[in-house]
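The structure appears below as structure tokens.
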Amino acid sequence: MSQHPTEPEASGPSETIRQWRERRGYSSATFYKMKRRGLAPEILDIPGFNSPRITARADREWEKRMAELAKENANALERQRRIDHARHAGQAAAKSPDHISNRRKKRTAQRGAP
């Protein structure tokens, strides 16, 4: 048996969407929003049955995809934070009287002073 209560057996039975949602703690609105965005696990829809299923394999693959997506989002946030930091530092440096763009103005002002 699985040691973590939210993990299905490695080759365990499939679950209905409702069972999967309840185990994961998602509302039906959240699940169908994920489905519209292509973020829900693969759903096995067996012809002749009225209950679409999510297999243990599809659940494991979904977990891997979500972990990869979380890493990508974290990397994108860090990249944006660095860009914002560099932009702020550049703006602060440009305001300094010792910045290269301000040195010429400073020399011109010194030469014109009597």
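Quick note: the coordinates plus some simple rules give every number you see, no bench work behind them. As the structure is a prediction and not an experimental result, all values here were calculated from the model. Neighbour counts run over all protein chains shown; Cβ positions are idealised from the backbone, glycine included.
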For residue 39 and residue 88, what does the FRET efficiency come to when R0 = 30 Å and r is the distance between their Cβ atoms, rounded to the nearest 0.05?
-> 0.35
Rounded to the nearest 0.05, what FRET efficiency do residue 28 and residue 76 give with R0 = 35 Å and r taken as the Cβ-Cβ distance? Could you check?
-> 0.75
Which FRET efficiency, nearest 0.05, do residue 49 and residue 96 yield, Cβ-Cβ r, R0 41 Å?
-> 0.05
Length-normalised contact order of the range 15-107, Cα under 8 Å, at least 6 apart, in percent, tallies to 19 percent
Could you pull out the trypsin sites (Lys or Arg not before Pro) across the range 31-111 that fall in loop regions by DSSP (anything but H, G, I, E, B) with no more than 13 other Cβ atoms inside 10 Å?
-> 37
Residue-ordered couplings for the range 85-91, obtained by feeding phi - 60° into the Karplus form 6.51 cos²θ - 1.76 cosθ + 1.60 and rounding to whole Hz (Gly and Pro as x), are 5, 5, 4, 5, 5, x, 5
